[in-house]
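Each remark here refers to the structure printed beneath this line.
The values are calculated or read from the model by the stated rules, or taken from the named source; none is laboratory data. A quick note: this is a predicted structure, and the numbers were derived from the prediction, not measured. Backbone-built Cβ (ideal geometry, glycine too); neighbour counts: all protein chains shown.
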Amino acid sequence: MQQSSLRPSVWFSTAVVGLALQVSGCSSRAAASSLPEDPIVRIPLTQVGARQVPRELVLTGTLVGNRQSDVAADTAGKVTATFAERGELLKKGAPIVKLDASNAALSSAEASAQVQVARAERENARLECDRAEKLFAERVISRAEYDRMRTSCATASFSAEAAGARAQMASKAVGDATVRAPFSGVIAERHVSLGEYVQPGKRIATLVELDPLRLEIAVPEHAIATVREGSTVKFEVAAYPNQRFSGAVRYLGPSLRRAGRDLVIEALVPNAKRLLYPGMFATTRIVVGSDARPILPASALGGNGSSRRAFVVKDKHLEERVVLIGEPVDSGFSVLSGVNAGDRVALQIGGDVKDGVRVE
């Protein structure tokens with residue numbers, strides 16, 4: 001009996017609690033529905049367009065001289081004068097060093113005198129041959145005597161030619177005493193000094209042609225089919241991080257290198273201002289085709305480098321995204337990832353442009 005008398009009170013308590021919870025829930029929903037929405041921020045927006053941009057093959061390369069030569073001496077002698085120092089630009093034919101040419105000059109003078117003697121003997125032999133022709137025709141001399149005279153004439157002529165050749169060699173030795181640049185270039189190293197005695201074949205200086213330069217690039221096997229002679233190559237070097245240089249592929253290797261399974265190609269790079277030097281490491285981009293890519297104005301991108309940030313409208317709110325950019329296009333950049341064509345983005349970075357801001 002005691003248990004049954006308590007049941008009405010328990011039921012009443014439960015009913016009161018339930019009613020309280022219902023009232024509380026209704027109040028919460030009413031309060032939530034009465035909260036104001038995020039204010040709309042009015043900012044300039046732009047719709048992302050697309051256009052054809054070059055498709056590039058990104059590789060590494062090294063700059064080398066178009067021509068490089070260890071200029072050697074052709075004659076022996078002591079260095080009596082030097083005309084070029086390291087880093088000096090020389091035109092083709094400009095003197096680098098001068099050797100003592102006194103012995104060569106004496107030999108040349110002697111050879112010239114021998115030429116005069118040989119010519120005089122040849123002329124005398126010619127006159128003797130002319131007389132021998134007449135005497136043989138008149139049967140005054142024998143056939144044997146006539147043949148000896150003709151042989152003497154031929155020998156004198158050959159001796160004169162040999163003397164002339166020796167004179168030319170002696171004269172060349174005098175000219176070789178001045179070692180000259182075989183092409184226009186820059187002295188990378190001078191290997192002899194004043195007073196040093198050199199022998200024929202001695203390395204005098206290293207000459208490098210700096211305009212144009214060659215850019216050597218190793219192309220992996222899978223990308224060989226995309227590279228052709230004449231392909232445009234754009235590249236950057238660490239010395240000029242904000243400047244881009246360009247050239248064109250001119251030479252392709254005949255076979256792949258066994259060690260790296262790659263093909264070495266070379267591009268010619270103009271270098272009239274001599275900003276580039278052999279040995280520089282380059283990050284290259286070879287144009288191998290074109291693709292349609294989104295284009296973003298520079299003002300819509302924040303940050304630096306190839307990884308930037310932009311604010312895209314999604315569900316009427318700004319969403320911050322990381323954008324990977326490619327080539328500069330007009331006043332903007334092509335987009336590799338992060339934004340699609342047709343997206344609406346904030347035209348300016350800064351001010352009220354923040355992640356989660358409500359826009360129209």
- Message: Can you confirm whether residue 245 is surrounded by fewer than 16 Cβ atoms within 10 Å (Cβ to Cβ), out of contact with any Gly (no Cβ under 7 Å at 6 or more places or on another chain) and within 25 Å of residue 188 (Cα to Cα)?
- Response: no
- Looking at residue 352, is it among the acidic types (Asp, Glu) and farther than 30 Å from residue 237 by Cβ? yes
- Kindly indicate whether residue 304 is assigned to a loop (DSSP other than H, G, I, E, B), of a type in the set (S, T, N, Q) and without any contact (Cβ under 8 Å) to a residue 12 or more places away in the chain. yes
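Condition check ((1) under 30 Å from residue 199 (Cα atoms); (2) not basic (Lys, Arg)) across all residues:
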{"residue": "103", "(1), (2)": "yes, yes"}
{"residue": "106", "(1), (2)": "yes, yes"}
{"residue": "109", "(1), (2)": "yes, yes"}
{"residue": "113", "(1), (2)": "yes, yes"}
{"residue": "116", "(1), (2)": "no, yes"}
{"residue": "122", "(1), (2)": "no, no"}
{"residue": "136", "(1), (2)": "no, yes"}
{"residue": "143", "(1), (2)": "no, no"}
- Of the conditions (1) of a type outside the set (Ser, Thr, Tyr); (2) in contact with a Lys or Arg (Cβ under 9 Å, 6 or more places away or on another chain); (3) surrounded by 15 or more Cβ atoms within 10 Å (Cβ to Cβ); (4) free of Cβ contacts under 8 Å to residues at least 24 places away in the same chain, residue 214 fails just one. Which one is it? (4)
- Query: Quick one: residue 288 ticks every box in (1) at pLDDT below 90; (2) in contact with a helix residue (DSSP H, G or I) (Cβ under 9 Å, 6 or more places away or on another chain); (3) farther than 20 Å from residue 56 by Cβ bar one, so which box is it?
  - Reply: (3)
- Message: Just to verify a result, which residue in region 91-139, among those that are more than 20 Å from residue 169 (Cα to Cα) and of a type in the set (Asp, Glu), is surrounded by the most Cβ atoms within 10 Å (Cβ to Cβ)?
- Response: 121
- Counting only residues in region 324-356 that are of a type in the set (Val, Ile, Thr) and over 20 Å from residue 43 (Cα atoms), the one modelled with the lowest pLDDT is identified as 329
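This table checks each residue for (1) touching a helix residue (DSSP H, G or I) at 6+ places or on another chain (Cβ under 6 Å); (2) within 16 Å of residue 217 (Cα to Cα); (3) buried (at least 19 other Cβ atoms within 10 Å of the Cβ).
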{"position": "264", "(1), (2), (3)": "no, yes, no"}
{"position": "283", "(1), (2), (3)": "no, yes, no"}
{"position": "295", "(1), (2), (3)": "no, no, yes"}
{"position": "301", "(1), (2), (3)": "no, no, yes"}
{"position": "304", "(1), (2), (3)": "no, no, no"}
{"position": "328", "(1), (2), (3)": "no, no, no"}
- From 144, 170, which residue is over 28 Å from residue 63 (Cα atoms) and buried (at least 19 other Cβ atoms within 10 Å of the Cβ)? 170
- Query: In region 326-360, what residues are within 16 Å of residue 292 (Cβ to Cβ) and part of a strand (DSSP E or B)?
  - Reply: 326, 327, 329, 332, 333, 334, 335, 336, 337
- Query: Does any residue of region 284-299 turn out to be closer than 18 Å to residue 48 by Cβ, out of contact with any Pro (no Cβ under 8 Å at 6 or more places or on another chain) and not in a strand (DSSP E or B)?
  - Reply: yes
- Residue check: is residue 278 modelled with pLDDT of 90 or more, closer than 27 Å to residue 63 by Cα, in the same structural domain as residue 219 (by TED's automatic domain parsing) and not charged (D, E, K, R)? yes
- Item | Those residues of region 57-79 which are of a type outside the set (Val, Ile, Thr), surrounded by fewer than 18 Cβ atoms within 10 Å (Cβ to Cβ) and assigned to a strand (DSSP E or B), in sequence order | 68, 69, 70, 72, 78
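How about region 234-262: which of its residues are in contact (Cβ under 8 Å) with a residue 40 or more places away in the chain and within 19 Å of residue 279 (Cα to Cα)?
234, 235, 236, 237, 238, 239
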- Condition check for residue 313: under 20 Å from residue 353 (Cβ atoms), touching a residue at least 60 places away in the same chain (Cβ under 8 Å) and of a type in the set (A, V, I, L, M, F, W, C): yes
